[in-house]
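Peer 1: Below you will find the structure I want to go over with you.
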Amino acid sequence: PWDNVERAIKKGTGELEGVSYEAVTYEGVGPAATLFLVDVMTDNRNRTAAEVRKIFDKHGGQLGSSGSAAWAFDEKGIIKLPAGAATEEQLFEVAVAAGAEDMEVIGDEWIIKTPREGFEAVRSALEEAGLSPEEATLSQIPKTPKMVDGKDAEQNIALFEALDEHDDVENVFADFDLSEVALQQL
């Protein structure tokens, strides 16, 4: 019925009163014992949990309980700047003085890692020095990444992409890295 369609549209756009969204983090295990953290924003926790569980099941994984994967990740601040924005010495003076843990050039950009507590201080220090970050986010970094290849790599990528494509999913973090062989095959 048309009333249901209109109500669904209003609910989706936030026009209906009484609809509240909540942030939830689901944890799970993928193929080859890889670990996943899935951040979602949902208006129906039960529906989203069932859908995320189904995605894990379909791709050879299993939705876990709270704490089953979070232990393997550290929350860090990640700040990205163009490589030409500053020299290593300039960046070192500003970022490390403000509390950054690590900085490196990957491709054509600087990647600066900060502890969670120091993220805002480092970002502010960079902006005050005239260095505008391209991206500045909090991210879950795996403590010990697992190398996967072959069928395990294909299954983990399929699981990651399926989770990432879900409408309620905001972020997906996994503790796997692709081996050189897997990168060439894919």
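The values are calculated or read from the model by the stated rules, or taken from the named source; none is laboratory data. All figures in this text were calculated on a predicted structure; none of them were measured in a lab. Don't worry about glycine lacking a Cβ; one is built from the backbone with ideal geometry, like all the others, and counts go over all protein chains shown. Heavy atoms of the whole protein, side chains included, go into the accessibility calculation; ligands, DNA and RNA do not. Shrake-Rupley method; radii C 1.70, N 1.55, O 1.52, S 1.80 Å.
Peer 1: Looking at Ala95, is it more than 18 Å from the chain's Cα centre (by Cα), surrounded by 12 or more Cβ atoms within 10 Å (Cβ to Cβ) and part of a loop (DSSP other than H, G, I, E, B)? Walk me through it before giving the result.
Peer 2: Details: more than 18 Å from the chain's Cα centre (by Cα): yes; surrounded by 12 or more Cβ atoms within 10 Å (Cβ to Cβ): yes; part of a loop (DSSP other than H, G, I, E, B): no.
The answer is no for Ala95.
Peer 1: Taking the conditions exactly as written (over 26 Å from Asp168 (Cβ atoms), at pLDDT 90 or above and either assigned to a strand (DSSP E or B) or open to solvent by 80 Å² or more (accessible area, probe 1.4 Å) (or both)), does Leu138 satisfy them or not?
Peer 2: Numbers: over 26 Å from Asp168 (Cβ atoms): no; at pLDDT 90 or above: yes; either assigned to a strand (DSSP E or B) or open to solvent by 80 Å² or more (accessible area, probe 1.4 Å) (or both): yes.
Spelling it out, it is not the case that Leu138 is over 26 Å from Asp168 (Cβ atoms), at pLDDT 90 or above and either assigned to a strand (DSSP E or B) or open to solvent by 80 Å² or more (accessible area, probe 1.4 Å) (or both).
Peer 1: Does the range 150-172 hold any residues that are open to solvent by 30 Å² or more (accessible area, probe 1.4 Å) and assigned to a strand (DSSP E or B), and which are they?
Peer 2: Within the range 150-172, Glu170, Asn171 meet the criteria.
Peer 1: Shifting gears a bit: Assuming Met147 fulfils every condition listed in (1) surrounded by 14 or more Cβ atoms within 10 Å (Cβ to Cβ); (2) part of a helix (DSSP H, G or I); (3) in contact (Cβ under 8 Å) with a residue 24 or more places away in the chain apart from one, which condition is it?
Peer 2: Result: Met147 fails condition (2) only.
Peer 1: Quick check on Glu117: is it more than 11 Å from Ile78 (Cα to Cα), loosely packed, with under 12 Cβ neighbours inside 10 Å and within 20 Å of the chain's Cα centre (by Cα)?
Peer 2: On the way: more than 11 Å from Ile78 (Cα to Cα): yes; loosely packed, with under 12 Cβ neighbours inside 10 Å: yes; within 20 Å of the chain's Cα centre (by Cα): yes.
When the stated conditions are applied, Glu117 passes them.
Peer 1: Select, from Asp74, Asp43, the only residue that is closer than 15 Å to Ser139 by Cα and in contact (Cβ under 8 Å) with a residue 24 or more places away in the chain.
Peer 2: Values: Asp43 fails: closer than 15 Å to Ser139 by Cα.
One residue alone meets the criteria, Asp74.
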